Amino acid sequence: MAVGCKAQTALPTAPDVAQNRRIEVLLRSRFDVPPEISLAIGARRPSQFTGYDTLPVTVTHGANSQVMDFLISTDGKTLARLETYKLDSDPVFTIDVAGRPIRGNPAARVTVVSFDDLECPYCARMHQTLFPTTIEHYGDKVRVIYKDFPLPPDMHPWAMHAAVDANCLASQSSAVYWSYVDYLHSHGDEINGSNRDNARSFATLDRIARQEATLGKLDAARLDACLVKQDESLVRASMKEADALNVEGTPALFVNGERISGAMPTSEIWSVIDRALRAEGVTPPAASDQPAAEASK
């Protein structure tokens, strides 16, 4: 039998029905928990924090349940919630940009990743903010990369098809990819048409892709095969990554990991980029270079 010194494991504290009810009421109030979701207060167990025990709370909705750990003071008067974050493995720092078309300096130390929906009017507004204004302002100090996050077809019927077509072009030319994205973000009405017919929108997207490919001297047969196939796998992989990042809408930007959600004013986007540049030891461009429209606000 092994011999040694070790800490004794404390036995779980017996439940206090009245206190558990008080905890449940507080949690339902603080987190606005719907009535159909049940909360079960578990038994206390030792925690790594002096003066506090760990208190597990099981949240159940139908067949799904999740355990959330809270901290409760040993005197039973204070409830706390502690979240831990992995600084070396948070997904915001490991967004996969391999093989994606780049605008700006490929070797830039600051990367702006935008999860984009080609049918989204707010994405179109953000696109016009980034190109050419922002990219001209920062010159070779930044690079911009788009990832796909088309919203569901009941909201944006042609967004997925557009993303697939854009990736077909990207497989042959980054420049033609960007010319296609530029066109779609400034000609949404042309693709929608007057009667919002999906088949017509898809045909229009394919026609524009072929036009851009002709101008860019791409392999037409290879492009046609890709357009006909409509392989969504690359788009789905990007969407899965967006889900892991808790992206809920578009546009969603990450500037060296720092999140910007929604179409923001140019000045606010630049403040985030400036912060990332300084963190990399790069001096941002002078504030006097700000667009006149923004400076006048």
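Computed quantities for the displayed model
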| item | result |
| --- | --- |
| From the options Ala163, Ala175, residue that is touching an Asp or Glu at 6+ places or on another chain (Cβ under 7 Å), assigned to a helix (DSSP H, G or I), of a type in the set (Gly, Ala, Ser) and assigned by TED's automatic domain parsing to the domain that holds Asn246 | Ala163 |
| Enumeration of residues in segment 23-41 that are surrounded by 14 or more Cβ atoms within 10 Å (Cβ to Cβ) and either at pLDDT 95 or above or not in a loop (DSSP other than H, G, I, E, B) (or both) | Ile23, Glu24, Leu27, Arg28, Leu39, Ile41 |
| Filter result for Asp96 (acidic (Asp, Glu) and outside the structural domain of Phe254 (by TED's automatic domain parsing)) | no |
| Filter pass, Pro153 being modelled with pLDDT of 95 or more, out of contact with any helix residue (DSSP H, G or I) (no Cβ under 6 Å at 6 or more places or on another chain), in a loop (DSSP other than H, G, I, E, B) and not hydrophobic (A, V, I, L, M, F, W, C) | yes |
| Total residues in segment 94-135, condition in a loop (DSSP other than H, G, I, E, B), surrounded by 19 or more Cβ atoms within 10 Å (Cβ to Cβ) and small (Gly, Ala, Ser) | 1 |
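Yes/no matrix, rows are residues, columns are (1) closer than 23 Å to Asp165 by Cβ; (2) in contact with a Pro (Cβ under 8 Å, 6 or more places away or on another chain); (3) modelled with pLDDT of 95 or more; (4) surrounded by 14 or more Cβ atoms within 10 Å (Cβ to Cβ):
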| residue | (1), (2), (3), (4) |
| --- | --- |
| Asp206 | yes, no, yes, yes |
| Arg210 | yes, no, yes, yes |
| Lys217 | yes, no, yes, no |
| Asp224 | yes, no, yes, yes |
| Asp231 | yes, no, yes, no |
| Met264 | no, no, no, yes |
| Val282 | no, no, yes, yes |
| Ala287 | no, no, no, no |
| Ser296 | no, no, no, no |
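The values are calculated or read from the model by the stated rules, or taken from the named source; none is laboratory data. This structure is a prediction, so every number in the text was calculated from the model and none was measured. Virtual Cβ from ideal backbone geometry, glycine too; neighbours counted across all protein chains shown.
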